[in-house]
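The values are calculated or read from the model by the stated rules, or taken from the named source; none is laboratory data. Here the structure is a predicted model, which is why all the values come from computation and not from measurement. Backbone-built Cβ (ideal geometry, glycine too); neighbour counts: all protein chains shown. In case anyone asks, the SASA skips ligands and DNA or RNA and just uses the protein heavy atoms, side chains included. Shrake-Rupley method; radii C 1.70, N 1.55, O 1.52, S 1.80 Å.
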Amino acid sequence: DNFARAWTTARLGEYFVNTLIIVIPSLFLTLLLSSMAAYVLARFEFRGRAFITNLFLVGMIFPLFLALVPLYFVTQQLKLFDTYQGLILVYVAFSLSFTIFFLISFFRSLPRELGEAALIDGASQYDIFFRVYLPLAKPGLITMGIFNFLGQWNQYILPNTLMITNETGNTHYVLSQGLYYLQAKQFYGSDWSGLFAAVTIVMIPTLLVYLIFNDRIEKGMTAGAVKG
């Protein structure tokens, strides 16, 4: 009864769907764009490559709190405030730096001979990336996918800044916001058992992902450490 009440009365089911709508596209775009950028930075020599790589490194140490106010006004001007699309783009932007930095080392560890052989056989750069190197980068992509999923699923600061309570009844809230909203209501109520059930519901997806892919995380973190 506690779980049913948390899912329906506390609208956790609605927030769960909202979170999936945001996290799945942002995770896909993060991995796709990061792998493409990391491949170019790892495999091609061009002017400014070191500068661009260092720029992503700087992005990793940029404090999130300094970007909240500019993000608020930028999303409003672009009419992306309190929308799924706006939060997806922000999630992707803040996930790129770490993912690219990790995948650069991974792509550098892959043998160049495979790409050269495919090029001799007439493959385009598009084919070499998507049909040769991207499948080989699967361990690194899985590792980054898990890290980004955990981070985006539990994100609170960004959605709390860009998703607000509206006249339709906070329909765009994600799980972290819904859980905090439910916790705040307990100061005026006594449904603590429903709150504990809600915490369990929020925790289960991340726990399952970690338990299922735990060995892949360890393999992915070490796969790019040694040049093969």
* Just need the relative contact order of segment 1-224 here, percent rounded to a whole number, with Cα pairs under 8 Å and 6+ apart. => 35 percent
* Structure fact -> Residue ranges of DSSP H helices in the chain that stretch 27 Å or more (Cα, own long axis) and have mean Kyte-Doolittle hydropathy of at least 0.5 are 12-43, 84-108, 192-223
* Candidate residues ARG47, ARG131, ARG5, ARG112: accessible-area rank, largest first, probe 1.4 Å -> ARG47, ARG131, ARG112, ARG5
* To do: Would you look at the GNM of the chain, springs on alpha carbons closer than 10 Å, and say which of ALA137, ALA42, ALA50 moves the most?
  => ALA50
* Asked: Separation of segment 1-52 and segment 63-134 by C-alpha centroid, Å?
  -> 11 Å
* **About the Cα centre, charge dipole magnitude for the chain (Lys/Arg +1, Asp/Glu -1 at Cβ), debye** => 400 debye
* Within the chain, helix-based [θ] at 222 nm, where runs of 4 or more DSSP H residues each add -39,500 (n - 2.57), nearest 500 -> -23500 deg cm²/dmol
* Structure fact -> With R₀ set to 45 angstrom, the calculated FRET efficiency between the beta-carbons of ALA50 and PHE73, to the nearest 0.05, is 0.85
* Apply 1/(1 + (r/R0)^6) to the Cβ-Cβ distance of THR83 and TYR181, taking R0 = 22 Å, and write down the FRET efficiency to the nearest 0.05. => 0.70
* **Cβ-defined net charge surrounding LEU134, 14 Å radius [Lys, Arg +1; Asp, Glu -1]** => +2
* To do: Keeping the other protein chains in place, figure out the carbon and sulfur percent of the accessible area of segment 1-224, with a 1.4 Å probe.
  => 69 percent
* Asked: On full extension of the chain, what length is gained from LEU32 through ALA123, given 0.36 nm per residue of separation minus the C-alpha to C-alpha distance?
  -> 30.7 nm
* Structure fact -> Over its alpha-carbon atoms, segment 27-158 yields an Rg and a Dmax in Å of 16.7, 52
* Structure fact -> In the neighbourhood of TYR72 defined by beta carbon distances under 14 Å, the net charge of the other residues (Lys, Arg +1; Asp, Glu -1) is 0
* Accessible area of segment 1-224 divided out per residue, in Å², using a probe of 1.4 angstrom -> 55 Å²
